[in-house]
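Colleague: Below: one structure in structure tokens.
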Amino acid sequence: MLRAEPHFAEVFASPRARMATAEEVISSMEQDEVDTSVVLGANWGAPERCREANDYLLESAARHQGLLVAFCGLTPGDTETAALEIERCAAAGAMGVGELRPDVMGLDMSNEATTAPIYRALERHRLILLLHTSEPVGHFYPGKAGMTPETLYPFLLLHPSLTVVCAHWGGGLPFYALMPEVARALEHTYFDTSATPFLYRPQIYNHAIQMVGEDKVLFGSDYPLMPQRRPISEVRSLSLPQRVENLLLGGNAAKLLGL
Ligand SMILES: [Zn+2]
């Protein structure tokens, strides 16, 4: 099945890459004392597989109410159909869409006419859009592609009221928040910390929090790429003020998700 999905063939070429069942996530959460996990959809190439995976995420979140929050994948193909899938998932309890890789989905995020149905559906249901982002420089890894600060920033300017979470620290966009106009454009933009141990030195937490604000950084693990405990221990070793650590490890996410 994975071989029939070009994107998965790329990402899962790494021996570290895994997929997890809902039960594995729950057991990891019990071990590492995680209250709630946001489980994300993937970028499937076939609409029927995308819908099947979305159903699994939504059923798992319904079965483990309060423990799992589902974000859904977008069906590939025309954006009117993708918008219908957003409607269907929102009705079944999805709280967001993502982790979206527009490059894999063949979506030109700067083309307002094509993508309008998607944004209308997101805004109608007040859903969060979680985007995969990458650094424009540095070492290569499977998945280092797609949106970088250069394409992310104009996209955010086009959709100022959309709540967007930029995965993996927005590929470095927080550093540009030192520019006043960029900071203004990030009013509804958040950054998640997923995969940090593979990407940055731990100083990133302190620096980025100073640049975008303590309320804008959301802890993410990238589980099952690594155990949840690894980045949690990293955050706990930083000696952040307790209040800031609490916001990072869940307070900000709970507020954003209305938990
Ligand atoms: Zn990602």
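Colleague: Name the residues in segment 214-259 that are crowded, with 17+ Cβ neighbours inside 10 Å and free of Cβ contacts under 8 Å to residues at least 24 places away in the same chain, would you?
Modeller: Once the filter is applied, which keeps residues that are crowded, with 17+ Cβ neighbours inside 10 Å and free of Cβ contacts under 8 Å to residues at least 24 places away in the same chain, segment 214-259 yields E245, G251.
Colleague: With respect to the numbered conditions (1) away from the ligand (no atom under 15 Å from the Cβ); (2) part of a loop (DSSP other than H, G, I, E, B), which one is the sole condition not fulfilled by L157?
Modeller: The number of the failed condition is (2).
Colleague: If I118 satisfies all but one of (1) in a helix (DSSP H, G or I); (2) touching a residue at least 40 places away in the same chain (Cβ under 8 Å); (3) within 14 Å of the ligand (Cβ to nearest atom), what's the number of the condition it fails?
Modeller: (3)
Colleague: Out of all the residues in segment 202-220, is one or more under 18 Å from R101 (Cα atoms) and either within 14 Å of the ligand (Cβ to nearest atom) or in the same structural domain as G251 (by TED's automatic domain parsing) (or both)? Don't jump to the end; show me each part of the working.
Modeller: Step one: of segment 202-220, the residues under 18 Å from R101 (Cα atoms) are 220.
Then drop every residue that is not either within 14 Å of the ligand (Cβ to nearest atom) or in the same structural domain as G251 (by TED's automatic domain parsing) (or both), which leaves 220.
Within segment 202-220 (the criterion being under 18 Å from R101 (Cα atoms) and either within 14 Å of the ligand (Cβ to nearest atom) or in the same structural domain as G251 (by TED's automatic domain parsing) (or both)), the answer is yes, since at least one residue qualifies.
Colleague: Which number in (1) in a helix (DSSP H, G or I); (2) more than 15 Å from the chain's Cα centre (by Cα) marks the one condition that W169 misses?
Modeller: (2)
Colleague: Next question. Condition test on G143, is it within 16 Å of the ligand (Cβ to nearest atom) and either assigned by TED's automatic domain parsing to the domain that holds F71 or farther than 30 Å from P227 by Cβ (or both)?
Modeller: no
Colleague: Considering only segment 233-259, how many residues are out of contact with any strand residue (DSSP E or B) (no Cβ under 7 Å at 6 or more places or on another chain), within 27 Å of T21 (Cβ to Cβ) and of a type in the set (A, V, I, L, M)?
Modeller: 4
Conditions tested, residue by residue: (1) assigned to a helix (DSSP H, G or I); (2) among the β-branched types (V, I, T); (3) within 22 Å of P227 (Cα to Cα).
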| position | (1), (2), (3) |
| --- | --- |
| F175 | yes, no, no |
| E181 | yes, no, no |
| R184 | yes, no, no |
| Y190 | no, no, no |
| F198 | yes, no, yes |
| R201 | no, no, yes |
| I204 | yes, yes, yes |
| I209 | yes, yes, no |
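Colleague: Filter segment 82-107 for residues that are at positive phi and more than 16 Å from the ligand (Cβ to nearest atom); which is surrounded by the fewest Cβ atoms within 10 Å (Cβ to Cβ)?
Modeller: The residue in question is G106.
Colleague: Assess whether G143 counts as being touching a helix residue (DSSP H, G or I) at 6+ places or on another chain (Cβ under 7 Å) and of a type in the set (G, A, S). Break it down into steps so the answer makes sense when it comes.
Modeller: Values: touching a helix residue (DSSP H, G or I) at 6+ places or on another chain (Cβ under 7 Å): yes; of a type in the set (G, A, S): yes.
When the stated conditions are applied, G143 passes them.
Colleague: Another one. On the given criteria, is R230 farther than 19 Å from M29 by Cβ and either in a helix (DSSP H, G or I) or in contact with a strand residue (DSSP E or B) (Cβ under 9 Å, 6 or more places away or on another chain) (or both)? Before you say what the answer is, go through the steps one by one.
Modeller: Details: farther than 19 Å from M29 by Cβ: no; either in a helix (DSSP H, G or I) or in contact with a strand residue (DSSP E or B) (Cβ under 9 Å, 6 or more places away or on another chain) (or both): yes.
No: the conditions fail for R230.
Colleague: Oh, and also: Could you check segment 121-137 and list, in sequence order, the residues that are more than 10 Å from the ligand (Cβ to nearest atom), without any contact (Cβ under 8 Å) to a residue 40 or more places away in the chain and either farther than 18 Å from A92 by Cα or surrounded by fewer than 18 Cβ atoms within 10 Å (Cβ to Cβ) (or both)? Give the steps one after another, and end with the answer.
Modeller: If we filter segment 121-137 for residues that are more than 10 Å from the ligand (Cβ to nearest atom), which is where we start, we get 121-129, 135-137.
Imposing the further condition that a residue be without any contact (Cβ under 8 Å) to a residue 40 or more places away in the chain reduces the set to 121, 123-126, 129, 136-137.
Residues satisfying the conditions are E123, R124, H125, R126, P136, V137.
The values are calculated or read from the model by the stated rules, or taken from the named source; none is laboratory data. This is a predicted model, so every value here is computed, not measured. We place every Cβ from the backbone using ideal geometry, glycine too, and count neighbours over all the protein chains shown.
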